[in-house]
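Some notes on the structure that comes next.
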Amino acid sequence: MVKGVYDELLKDKPKNHFTVGINDDVTHTSLDIDHDFKVKRSTINCMFYGLGSDGTVGANKNSIKIIGQTTDNFVQGYFVYDSKKAGAQTISHLRFGPEPIYSTYLIDKADFIASHQFNFIEKYNMIADLKQGGTFLLNSPYSKEEIWNKLPKKMQKGIIKKEANFYIIDATKVAQEANLGKRTNTVLQTCFFAISGILPKDEAIQKIKDAIVKSYSHKGEKVVQMNFNAVDASLANLEKVDYPKEITSDKKLKSAMTNAPEGFVKEVLEVILSGKGDELPVSAFPVDGTFPMGTTQYEKSGIADTIPIWDDIDLCTQCNKCVAICPHAAIRAKVVAKDELYQAPLTLKSVSAKGRPFEKNDVYVLQVSPEDCTGCDLCVEICPAESKEIENFKAINMHRKLDHDVVENKNWDYFVELPNYDRTELTITNVKGAQFLDPLFEFSGACSGCGETPYIKLLTQLYGDSIIIANATGCSSIYGGNLPTTPYKTNEFGRGPAWANSLFEDNAEFGLGIQLALTKKQEIAINLLKSLELLVGSELVKTILDNPEKTEAEKKQKFADIDKLKDTLAIIDNNEDANKLNQLTEYLRKKAVWVLGGDGWAYDIGYGGVDHVLASGENINILVMDTEVYSNTGGQTSKATPLGASAKFAIAGKRTPKKNLALQAVSYGNVYVAQIAMGAKDIQTQKAIQEAAEYDGPSLIVAYSHCGEHGYDLKHGVTQQRKAVETGYWPLFRFDPTKPKGKKFRLDSKAPAAPLEDFMYNETRFTRVVKENAELGKELLEQAQEQVDIKWERLELFRGM
Ligand SMILES: Cc1ncc(C[n+]2csc(CCOP(=O)(O)OP(=O)(O)O)c2C)c(N)n1
Ligand code: SF4
Ligand code: SF4
Ligand code: SF4
């Protein structure tokens with residue numbers, strides 16, 4: 001994936017040229033701008049370590065523009081990062097100077113190095129690439145007095161040896177105080193301009209302010225002033241560290257993975273993760289291309305500044321809503337017998353478990369994994385348990401990770417080893433019960449606060465050991481199968497989802513092919529079993545064939561019977577059918593194909609295939625995670641983009657209404673269809689997934705998925721989903737062809753109770769249009785409201801079906 005468009009530069013400076021280079025697994029984007037200027041001093045080389053989606057790359061591209069367009073310097077930018085949505089390291093290599101730049105791109109001797117993430121000091125010895133007397137800038141929550149002892153030994157050694165100029169800034173705090181939320185870019189960019197020596201400090205600061213005026217003046221004087229304040233506060237808070245000339249630390253650098261098992265994970269995956277994949281021989285890779293599952297658990301990217309803490313165990317209702325909404329499966333609940341905690345850390349909290357089927361001695365434990373949490377806040381936002389006495393205090397609340405990680409990491413280590421509750425005993429038709437099920441999709445590289453991943457996680461909790469996923473290209477294929485690590489995993493019995501990604505344009509057909517092969521194999525297996533009845537025993541054959549596998553107990557029984565069958569087959573000699581059946585026993589189980597993807601795939605590029613699958617009558621399920629744009633490629637318009645939204649290719653506001661994919665599918669009459677929004681009504685989401693899975697025919701679920709492309713802090717994703725439903729923007733419904741006439745179509749949300757703008761105007765994708773052209777914005781809002789009203793009237797008619 002190549003990020004960054006430089007048309008602007010080309011337009012303004014016809015002499016400039018730029019190049020873009022792509023490597024297969026790592027993306028390198030380069031930009032060279034040459035000017036005819038006299039030599040004043042030598043080139044300055046700078047490296048910036050950031051985290052995918054933290055804004056470091058964007059800020060550096062902006063720095064290049066500022067220096068390239070407004071000074072005499074030649075500039076070059078080269079960016080290295082993988083295709084993860086968030087959580088992966090990015091390194092920006094920038095050069096600035098009065099001479100033309102002919103060198104190769106990656107820098108290994110830098111005059112200036114910045115770490116925009118504090119926790120990087122634990123994993124990367126960034127000082128190794130610093131020149132003698134160079135400058136190191138660290139985003140640090142610690143003061144200049146405290147920081148030295150927090151550094152690993154290797155870094156201290158490097159800083160002393162290289163006589164580095166060592167600066168720190170608490171960019172997170174400065175940004176928050178300047179009302180910039182989590183956006184630390186302006187702060188860190190200001191520090192870079194102030195101390196890198198590329199331009200005289202005052203001139204550099206003036207240029208940043210000029211750039212702020214250029215970027216934000218259309219948003220009003222207040223926003224410009226807010227950013228000016230951030231610049232001033234950055235300079236006031238930037239501190240030079242007067243470090244001792246002696247090593248005081250014995251901390252070692254952490255390896256790229258935590259607790260990676262010996263063998264392939266350690267010898268190959270960890271090497272790739274530590275950035276040394278190019279050193280591996282081809283022979284290190286599996287010949288069939290398969291990779292082990294569940295390896296994201298060793299990454300521990302630790303990107304959160306704040307994590308949820310279960311502050312009030314008595315206030316907590318044990319509803320498990322926080323667990324359900326977590327995009328990264330980083331907060332989990334278990335119920336265990338009290339005795340299981342006898343060796344637990346004293347800090348591990350537990351409370352008597354409420355509700356059925358729990359017994360008197362059972363305790364409920366809610367635990368976060370600090371190093372897997374991304375700090376998105378969604379779990380706290382959705383928590384319904386608010387204190388009546390203390391304002392803004394819930395059963396769980398966000399706290400500074402630094403104050404809790406040591407304790408909570410220990411708690412998590414103990415928690416993960418606790419047994420899962422027997423799924424045959426749980427009531428998994430409600431949200432609480434289902435959230436005790438082990439997620440077989442965890443710690444993916446999706447953006448912090450992603451609205452897509454909770455749906456996939458729930459699907460794996462309910463059906464993970466018996467589904468085959470055909471995944472369209474899009475965000476879900478990137479966070480779902482972004483090597484070297486995989487978020488899909490197996491359960492305690494070694495069973496998990498099978499997953500494969502095909503092309504963007506043919507995923508539904510790909511899934512249909514898998515389904516047809518599956519049906520055929522099931523047919524063959526059943527026929528073989530019947531033909532071997534005399535050898536296997538008619539009772540076992542009957543038990544296997546008659547088991548409907550509807551309940552968890554029946555599914556468990558099926559596994560046990562198949563094990564019995566395998567044992568029996570193993571002792572039958574010289575029988576070709578027995579040998580064949582031995583290889584096909586897993587097809588005696590109920591399995592389901594789930595076809596997954598985004599709206600760009602389902603509404604647009606893969607629509608022909610989706611329609612074909614729906615029309616096929618086959619027993620296959622389609623889950624569309626509708627972000628209303630092509631998210632993976634940066635927010636291009638799809639046919640799911642709503643009227644009035646600004647998206648790439650419709651920047652001024654989309655003039656045509658969103659296609660109603662769900663109702664189109666309803667028109668077939670034999671397709672199970674649901675429109676869902678987990679943040680608004682989680683139980684309806686769960687029912688829809690369970691009904692679709694049960695339905696013997698094609699099913700389509702369209703799932704509202706909030707996304708960073710909508711332009712707001714995703715911690716409000718849940719609130720926005722609720723507003724989408726309340727305003728009638730996203731009605732919830734289910735259409736079940738198996739229900740009697742008059743009851744097939746169920747509206748699961750109420751008639752619109754608030755104006756559409758209550759939803760729309762919290763999101764930049766809509767407000768941008770109004771800011772650019774107030775009159776057009778008003779017109780589009782009116783049209784969009786009319787669309788909502790018409791849509792609702794139409795749905796009311798469906799009610800009688
Ligand atoms: C035929 C084809 N066109 C374009 C692309 C580039 N591409 C990859 S993912 C993607 C966007 C996917 O958007 P969507 O289906 O909405 O899923 P999301 O990323 O929003 O989850 C595009 C355009 C491609 N892989 N194949
Ligand atoms: S803050 Fe976000 S990532 Fe962390 S536990 Fe809560 S929902 Fe999960
Ligand atoms: S959402 Fe709140 S009340 Fe519900 S389980 Fe989580 S912490 Fe407890
Ligand atoms: S759907 Fe949006 S929020 Fe989720 S990973 Fe993709 S871009 Fe990020």
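The values are calculated or read from the model by the stated rules, or taken from the named source; none is laboratory data. Note that the structure is a prediction, hence the values are computed from the model and not measured. Ideal geometry is used to build each Cβ from the backbone, glycine not excepted, and the neighbour counts take in all protein chains shown. What goes into the accessible areas is simple: the full protein's heavy atoms, side chains included, and nothing from ligands, DNA or RNA. Shrake-Rupley method; radii C 1.70, N 1.55, O 1.52, S 1.80 Å.
For the residue pairs Lys360/Lys555; Lys521/Lys681; Lys182/Lys723, the C-alpha atoms sit more than 26 angstrom apart in Lys360/Lys555; Lys521/Lys681. Once the 1.4 Å probe is applied to the protein heavy atoms, the chain comes out at 44 Å² accessible per residue.
Between helix 221-237 and the chain there is an angle of about 70 degrees, using the helix long axis and the longest principal axis of the Cα atoms. The convex hull of the Cα atoms of the chain, projected and averaged over all directions, covers 37.6 nm².
What's the angle, to the nearest 10 degrees (0 to 90), between helix 774-798's Cα axis and the longest principal axis of the chain? The helix 774-798 is inclined about 10 degrees to the chain.
For the range 644-706, what does the alpha-carbon gyration tensor say about shape, rounded, prolate or oblate, given a ≥ b ≥ c as the root eigenvalues, a/c under 1.5 as rounded, and a/b over b/c as prolate? Oblate, since a/c reaches 1.5 and b/c is not below a/b. Could you tell me which residue out of Thr184, Trp792, Met678 lies farthest along the dipole of the chain toward its positive end? Charges go on the beta carbon: Lys and Arg +1, Asp and Glu -1, centred on the Cα centre. Comparing the listed Cα positions along the dipole, Thr184 ranks first. One equal scatterer on each Cα of the range 410-512, no solvent, Debye formula: the resulting log10 I(q)/I(0) at q = 0.17, 0.19, 0.25 Å⁻¹ is -0.87, -1.05, -1.44. Each principal axis of the range 573-663 carries a Cα extent, and these read 73, 26, 17 Å when sorted largest first. Taking a straight Cα-Cα cut-off under 15 Å and skipping sequence neighbours fewer than 8 places away in the same chain, the aspartates and glutamates within cross-link reach of Lys394 are Asp311, Asp312, Asp314, Asp377, Glu381, Glu386.
Overall, the chain carries a charge dipole of about 1000 debye about its Cα centre when +1 sits on the Cβ of Lys and Arg and -1 on the Cβ of Asp and Glu, all other atoms neutral. Rounded to 0.05, the FRET efficiency of the Leu280 and Lys360 pair, given R0 = 51 Å and the Cβ-Cβ distance, is 0.40. Once you sort the root eigenvalues of the Cα gyration tensor of the range 79-142 as a ≥ b ≥ c, which label holds: rounded (a/c under 1.5), prolate (a/b larger than b/c) or oblate (the other case)? Oblate, since a/c reaches 1.5 and b/c is not below a/b. Note on the range 393-436: Cα-only Rg and Dmax are 14.6, 39 Å.
Near Lys162: Cβ cut-off under 13 Å, other residues only, Lys/Arg at +1 and Asp/Glu at -1. The net charge is +3.
Computed over protein heavy atoms with a 1.4 Å probe, the carbon and sulfur contribution to the accessible area of the chain reaches 51%.
When the charge dipole of the chain is built from unit charges on Cβ atoms (+1 for Lys and Arg, -1 for Asp and Glu) and taken about the Cα centre, the candidate among Ser476, Pro261, Pro657 whose Cα reaches farthest toward its positive end is Pro657. Computed over the chain, the per-residue total of -39500 (n - 2.57) for DSSP H runs of n ≥ 4 gives a 222 nm mean residue ellipticity of -10000 deg cm²/dmol, rounded to 500.
Residues whose amide H lies under 5 Å from that of His399, counting only those 5 or more places away or on a different chain, are Ile307, Ile309; hydrogens are built 1.01 Å from N in the peptide plane.
Taking Cα atoms, how many degrees apart are the long axis of helix 453-463 and the longest axis of the chain, rounded to 10 and kept between 0 and 90? The angle comes out at about 30 degrees. From the phi angles alone, apply the Karplus equation (6.51, -1.76, 1.60; θ = phi - 60°) to the range 664-678 and give each ³J(HN,Hα) in whole Hz, x where the residue is Gly or Pro. Each residue's phi maps through the Karplus curve to give 4, 5, 4, 4, 5, x, 10, 10, 6, 10, 9, 10, 10, 8, 4 Hz. Ordering Phe735, Trp412, Pro200 by Cα displacement along the dipole of the chain toward the positive end leaves Pro200 in first place; charges were set at the Cβ atoms of Lys, Arg (+1) and Asp, Glu (-1).
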